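Take a look at the structure below.
Read the figures in this text as sums done on the coordinates, not as results from a lab. Nothing here was measured: the structure is a model prediction, and the numbers come from that model. Don't worry about glycine lacking a Cβ; one is built from the backbone with ideal geometry, like all the others, and counts go over all protein chains shown.
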Amino acid sequence: MINGSQSEHSKVWGTHEALSGHTNDLRLALVEEIGTSPRTTKDVAMKQKHPSEDKQYMKTRKRHIRFATWNVRTLHQEGKLDNLILETTDMKVDIMGVAETRWKGEGYARRDDYIFIHSGGEYHERGVGILIKKEIEKYISGYWTYNDRMMLLKIRAKPFDIAIIQTYAPTSDHADEEIEKYYEDLQQILKQVKTTDILIIMGDMNSKIGKGKYKNIVGQYGLGTRNERGDRLIQFCEENNMVICNTFYQQESRRLYTWKSPGDRKRNQIDFIMIRNRFKNNVMNTKTYPGADINSDHNPVMIKLNIKLKKIDQPTRKEPHIDISALKQSEIQQKYCVEVKNKYECLMTECLEQYRRENPEEKVANKWDCLKQSIQTANKNLPVKESMKNQMWMTDEILEKMAERKKAKNTPKYTILDNEIRNMCRTTKVNWLETKCKEIEDMAEKHRTRDMHREIRQMTSKKNTVKSGGCIKNNNNQLLFDKTEILTRWTEYVTALFDDQRSSKHSIKCNDSPRILKSEVVRAIETMKRGKAAGLDNITVEMLTSLEDFGISTITDLCNDIYNTGYIPRDLKTSVFIPLPKKPKAQECTDYRTISLMSHITKILLKIIHERIKNKIDIEVGEEGFRKNRGTREAILCIRLLADKYIEVQKSIYLCFIDYSKAFDRVQHEKLIICLQ
């Protein structure tokens with residue numbers, strides 16, 4: 001039997017970058033382990049260079065960041081996002097705020113050298129978004145999609161972080177109550193911004209500031225005549241110590257207006273970029289781009305900001321993704337098995353003399369280290385999986401046609417070219433979808449279900465529907481963007497979750513048990529699902545399967561040593577908990593569900609123990625869930641059939657549902673062992 005206790009474990013947290021790959025949300029990993037893993041030579045060198053163990057090492061560089069905002073009228077049209085990227089590239093804008101996207105829901109999209117974070121509602125109305133250059137992505141600390149009129153983005157900078165609020169104010173035909181509700185929501189977002197942050201608010205404010213200086217808020221280079229909505233905007237700026245940037249720089253009139261009426265009869269300035277007064281000297285220039293074209297009646301307005309950004313140096317390079325499917329080839333599999341076997345025998349020979357002087361626990365640890373090092377060494381010779389780029393339907397021909405339409409702006413030819421582009425986009429996308437559907441059908445016929453589901457997810461963009469912005473709230477309902485603060489909050493949450501005053505250790509009498517057989521190991525490996533993520537050792541079940549008889553014998557010996565001594569090596573009892581958001585706008589720790597990644601060797605041992613005890617446990621006939629062929633779906637079906645029968649005979653049926661909060665996380669193992677005895 002194996003003795004263990006919950007109190008032996010300590011909590012260690014790690015972080016992953018926001019928006020990286022298709023995860024691209026800020027993912028946090030809770031590592032539950034004993035002690036710390038051995039340091040490599042590179043780690044020691046890093047330790048000597050930087051005394052603080054938990055410090056993130058930063059480099060700073062001086063940059064001129066170009067911010068812009070643009071009401072595009074809609075992105076809910078084929079090819080509009082590609083058009084936006086094309087224009088943003090031409091204007092050399094680093095961060096582009098977008099108003100009136102008309103996209104539903106929240107999430108992000110990757111396209112070429114840009115990422116697009118968007119916030120929308122339930123319908124194709126309103127909506128805001130921020131288009132960010134890929135090189136700026138590593139500076140993002142988090143984002144908050146508040147509603148379909150405003151969102152917040154935080155960027156690491158020096159000496160202060162940048163907080164960007166992209167917004168879309170109600171138009172003039174909305175009631176005053178809705179305008180006040182809009183500014184109340186804007187004040188709620190400002191509560192989540194630090195007083196030291198470089199705050200930038202930009203978007204379509206649907207307000208006329210007018211020409212003429214007003215205190216330190218409005219410059220003398222405005223346009224038009226101020227209206228009531230303009231007075232309300234100035235009041236907001238005065239209350240929050242903001243200045244309106246695009247009224248402080250002298251430009252020709254065509255570089256000042258941001259909106260024109262149909263027929264170009266009227267021109268007004270209703271889109272603004274505002275910044276905190278203390279940082280207005282960082283603004284180097286501001287102007288509009290009347291030549292930019294996305295078939296909108298608005299012009300983008302841009303500011304050039306003198307700022308330093310923080311760059312995080314990754315202490316270690318990311319491990320390449322190994323192509324596990326290569327082990328299905330007989331030649332590669334045989335070579336891999338021989339490499340692991342030879343390396344393992346070599347390491348075991350070196351440790352043979354040392355084994356005689358060590359205690360049983362150290363022998364178990366060394367045996368596992370030899371097996372782990374052998375597999376990891378052989379993995380370096382396996383092929384690396386090529387990164388699969390999501391091929392989109394957009395073609396160079398359509399992009400060239402967009403450039404031609406841009407040259408024809410304000411001419412009769414513009415409408416003709418715009419209709420041609422719309423027809424080309426629709427036709428090209430339909431043809432692309434038909435081709436992808438044919439590929440998916442071929443995958444289904446060849447039983448390549450994993451590739452089939454991956455293609456479906458890429459086509460439907462389902463992976464982008466529920467994403468976390470990398471920020472959570474603390475106990476004071478304040479949003480946290482700093483990684484250290486986020487990790488502290490998660491530590492507090494998990495500590496409270498597992499705090500049940502259980503005893504430190506519960507000792508039981510060990511009874512002699514039969515040795516673990518090879519057949520049990522084979523059965524455990526056969527029942528394990530393929531394609532699952534590995535634990536911290538990066539050893540998958542496919543790698544263990546390819547080791548054939550040598551692997552079965554080695555794993556059997558290791559499991560027997562663990563089973564007899566009761567000692568589990570550190571790596572095998574280390575699990576990583578990755579929180580995944582259960583719903584959009586997840587901001588509380590309770591809004592996340594966690595998945596646990598553990599070593600597949602540990603899973604094999606647990607499956608063997610489970611098989612030995614499951615036939616001796618009395619399980620009620622009516623118990624459903626976490627049982628083979630007796631899941632919750634079967635229980636729901638039984639309830640539905642029962643309800644149908646009662647309705648048929650016109651009888652009442654009474655149901656009671658009880659949901660235990662975190663029931664499995666709060667199991668008291670001491671009492672569980674007493675029950676088993």
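Summary table
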quantity: Burial ordering of GLU87, GLU611, fewest other beta-carbon atoms within 10 Å first; calculated: GLU611, GLU87
quantity: Region 59-309: relative contact order as a whole-number percent, Cα under 8 Å and 6+ apart; calculated: 20
quantity: R0 of 35 Å, Cβ-Cβ distance ILE456-GLU404: FRET efficiency to nearest 0.05; calculated: 0.50
quantity: Ranked list, fewest to most other Cβ atoms within 10 Å of each Cβ, for LYS406, LYS213; calculated: LYS213, LYS406
quantity: Shape category assigned to region 59-309 from the gyration tensor of Cα positions, a/c cut at 1.5; calculated: rounded
quantity: Overall form of region 412-464 per C-alpha gyration tensor (a/c, 1.5; a/b vs b/c); calculated: oblate
quantity: Pairs beyond 21 Å (Cα-Cα), from LYS138/LYS158; LYS133/LYS304; LYS92/LYS260; LYS134/LYS194; calculated: LYS92/LYS260; LYS134/LYS194
quantity: Nitroxide proxy distance, nm - points 7 Å out along Cα→Cβ at LYS518 and CYS437; calculated: 5.2
quantity: Lys/Arg +1, Asp/Glu -1 at C-beta; region 59-309 dipole; positive extreme among LEU199, GLY224, SER261; calculated: LEU199
quantity: Residue order, fewest to most surrounding Cβ atoms within 10 angstrom, among ARG66, ARG523; calculated: ARG523, ARG66
quantity: Aspartates and glutamates whose Cα lies under 19 Å from that of LYS436, excluding same-chain neighbours fewer than 8 positions away; calculated: GLU78, GLU445, ASP451, GLU455
quantity: Estimated inter-spin distance, ARG426 and SER172, nm [label 7 Å along Cα→Cβ]; calculated: 3.4
quantity: Neighbourhood net charge (11 Å Cβ-Cβ; Lys/Arg +1, Asp/Glu -1) for VAL301; calculated: 0
